[in-house]
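The values are calculated or read from the model by the stated rules, or taken from the named source; none is laboratory data. Remember, it's a predicted structure, so these values are computed and weren't measured experimentally. Positions of Cβ are backbone-derived with ideal geometry, glycine not excepted, and every protein chain shown enters the neighbour counts.
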Amino acid sequence: MTAPDSDFIVIADLHLQPEEHATMALANRFLATLASRTRHLYIAGDLVEYWIGDDAHEDDLGDTVRLLRDLADHGTAITVMHGNRDFLLGDAFAARINGRIERDDHIVITTGDRRVLLLHGDTLCTDDHRYQSMRAQLRSQQWQQAFLTQSVEARHAFARSARQQSREDTQQKSDAIMDVNQAAVTNLMTETGITDIVHGHTHRPAVHNVALPATQDVRHTTGQRWVVGDWHPDHAMYVEASNGTLALKRWPPLSDTTKT
């Protein structure tokens, strides 16, 4: 029985890399199930572990690119947002998958008459001042243009060093600093008038209720923050929307993991 079409599916934080065979295989199995299932697939950042330019990763994601391209060619729109690991994904990659790159920090998507704010999630982690400073530098056009003129070997060396530094920094930071700032969440909902947020980045899949002040633009006093999960060799969490309803789901479903 074919599953009914959904309005959109959101995944994030796949952190794909060729040496992680099991995670790539799981992601590819998931993509293979999406034909005729959803109208729009949103990848909300960090599709890959790191990306140093479209000219440097031609063969890294062969099967994944083919599956995304097949999905798009059969009518599913694909939007890839930049994350903190893959902000150099560009138009050449978008052309390979017949999708589009979204460079804005957040966008509005809809299911039924329900508006949803979609973002990677790192802009909400405002307590991590060091990260936010680094993010501003790496997202600047001047830095990116200078970086992309370097050799592929030099860019790979930089990325490997940055990954190691990130691991060391993460070990020294508290969980609270690496999570979203609640004031940043409520401010974003209040400023946009949108009381549903979907994001990734924190690797903490859950649905959170958010208390909101009643204003002229925000008439609800409770919002919801939907967090999709990062991808593992054996499971992932994603958000699916249909007819105004959002759901946080597991891939593969628990019933699939019990099959022998």
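Just one of G121, G99, G193 is at negative phi and either among the polar types (S, T, N, Q) or surrounded by 12 or more Cβ atoms within 10 Å (Cβ to Cβ) (or both); which is it? Show your work before the answer.
Numbers: G121 fails: at negative phi; G193 fails: at negative phi.
That would be G99, the only listed residue that is at negative phi and either among the polar types (S, T, N, Q) or surrounded by 12 or more Cβ atoms within 10 Å (Cβ to Cβ) (or both).
For the criterion of being among the acidic types (D, E), surrounded by 14 or more Cβ atoms within 10 Å (Cβ to Cβ), out of contact with any Ser or Thr (no Cβ under 6 Å at 6 or more places or on another chain) and modelled with pLDDT of 95 or more, D230 passes. The condition of being within 25 Å of R204 (Cα to Cα), in a helix (DSSP H, G or I) and among the aliphatic types (A, V, I, L, M) holds for A183.
What do you reckon, is Y50 surrounded by 20 or more Cβ atoms within 10 Å (Cβ to Cβ), assigned to a loop (DSSP other than H, G, I, E, B), at negative phi and of a type in the set (F, W, Y)? Criteria met by Y50.
Has segment 102-112 got at least one residue that is over 22 Å from G200 (Cα atoms) and not in a helix (DSSP H, G or I)?
First, the residues of segment 102-112 that are over 22 Å from G200 (Cα atoms): 112.
Those still in the list that are not in a helix (DSSP H, G or I) too: 112.
Yes, segment 102-112 contains at least one residue that is over 22 Å from G200 (Cα atoms) and not in a helix (DSSP H, G or I).
In summary, F93 fulfils each of the numbered conditions (1) surrounded by 18 or more Cβ atoms within 10 Å (Cβ to Cβ); (2) out of contact with any helix residue (DSSP H, G or I) (no Cβ under 6 Å at 6 or more places or on another chain); (3) without any contact (Cβ under 8 Å) to a residue 60 or more places away in the chain with the single exception of condition (2).
Name the single residue, out of those in segment 19-47 being touching a Gly at 6+ places or on another chain (Cβ under 9 Å) and in a loop (DSSP other than H, G, I, E, B), that is farthest from T76 (Cα to Cα).
Step one: of segment 19-47, the residues touching a Gly at 6+ places or on another chain (Cβ under 9 Å) are 35-36, 39, 41, 43-47.
Now narrow it down to the ones that are in a loop (DSSP other than H, G, I, E, B): 35-36, 39, 45-47.
Values: A35: 7, S36: 7, R39: 5, G45: 18, D46: 20, L47: 18 Å.
Result: D46.
If you filter segment 203-227 down to residues that are surrounded by 13 or more Cβ atoms within 10 Å (Cβ to Cβ) and in contact with a helix residue (DSSP H, G or I) (Cβ under 7 Å, 6 or more places away or on another chain), you find that the one that is modelled with the highest pLDDT is R225. Scanning segment 157-180 for residues that are among the acidic types (D, E) and in a helix (DSSP H, G or I) yields E168, D169, D175.
Restricted to segment 18-44, and to residues that are small (G, A, S) and in contact with a helix residue (DSSP H, G or I) (Cβ under 8 Å, 6 or more places away or on another chain), which residue is nearest to A159 (Cα to Cα)?
Here is the first cut: in segment 18-44, the ones small (G, A, S) are 22, 25, 27, 32, 35-36, 44.
Applying the additional criterion that residues be in contact with a helix residue (DSSP H, G or I) (Cβ under 8 Å, 6 or more places away or on another chain) yields 27, 32, 35.
Values: A27: 23, A32: 30, A35: 34 Å.
So, considering only residues that are small (G, A, S) and in contact with a helix residue (DSSP H, G or I) (Cβ under 8 Å, 6 or more places away or on another chain), the one nearest to A159 (Cα to Cα) is A27.
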